[in-house]
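The values are calculated or read from the model by the stated rules, or taken from the named source; none is laboratory data. Owing to the predicted nature of the structure, the values given are computational and were not obtained by experimental measurement. So basically every Cβ, Gly included, is an ideal-geometry build from the backbone, and we count neighbours across all protein chains shown. Surface accessibility is based on the protein's heavy atoms, side chains included, excluding ligands, DNA and RNA. Shrake-Rupley method; radii C 1.70, N 1.55, O 1.52, S 1.80 Å.
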Amino acid sequence: MNTIIIKTYKAPPVREKEALRYAGCRAADEETLKLLCSCIEEAEDKLNYSVCYGEFPLSINGDLCDFGVFSVQSSALAKNLSGCSRSVIFAATIGVGIDRLISKYGRISPTRSVIMDGLGSERIEALCNEFCKDYALENAVSLKPRFSPGYGNLPLMTQKDVFSILDCPRKIGLSLNDSLLMSPSKSVTAFAGILRNGEP
């Protein structure tokens, strides 16, 4: 039986340009930057950075990726994981706090809501990057770029398998609705192929 591990993180540094890019701001003036800083300050103590993950065996036969506990047909995922005999499968979330802020300001300050949404997107990406970096360092491996259900031709339905094997609701409070949308919304599930030292 594969061990599922839970990790929590301190807040990674905010990449302001990325947050504004996610918010759709190509060029930020002084007022927009002030608004972003205000959003960062308000959201800071309302975010919880959590990840659950496991390492699984991997065999690829054509477009079929078999992780032992489930398999999925996807040429895009097979290409992404090519050359790997194991994969880390993980789920990450920054919690429901940012959703509440986005909803709150959607009613009273749409511009602030958009910036909060962009900040939330930047925060979950930063968490995923931090996790992948830490995993590689701790295990003396390299990870291929992460690949999520819904990308390329990897079916979004794969979310159900990921949630089942990781036990996301119990481990990190992450749920999946009938439309395959995650709650909290600023969450990610992904596969990352593992390359041992010396492998191409």
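Being part of a loop (DSSP other than H, G, I, E, B) and open to solvent by less than 40 Å² (accessible area, probe 1.4 Å) is the filter; apply it to the range 128-151 and report the residue that is farthest from residue 190 (Cα to Cα).
149
Within the range 30-39, is even one residue at pLDDT below 95 and open to solvent by less than 40 Å² (accessible area, probe 1.4 Å)?
Taking every residue of the range 30-39 in turn, at least one turns out to be at pLDDT below 95 and open to solvent by less than 40 Å² (accessible area, probe 1.4 Å).
Is it the case, given these coordinates, that residue 100 is charged (D, E, K, R), in a helix (DSSP H, G or I) and open to solvent by 10 Å² or more (accessible area, probe 1.4 Å)?
yes
Scan the range 152-180 for residues that are farther than 19 Å from residue 72 by Cβ, in a loop (DSSP other than H, G, I, E, B) and free of Cβ contacts under 8 Å to residues at least 40 places away in the same chain and jot them down.
177, 178, 179 - these are the residues of the range 152-180 that are farther than 19 Å from residue 72 by Cβ, in a loop (DSSP other than H, G, I, E, B) and free of Cβ contacts under 8 Å to residues at least 40 places away in the same chain.
Can you tell me which condition residue 119 does not meet? The list is (1) open to solvent by less than 10 Å² (accessible area, probe 1.4 Å); (2) within 30 Å of residue 38 (Cα to Cα); (3) not in a helix (DSSP H, G or I), and all the others hold.
Condition not satisfied by residue 119: (3).
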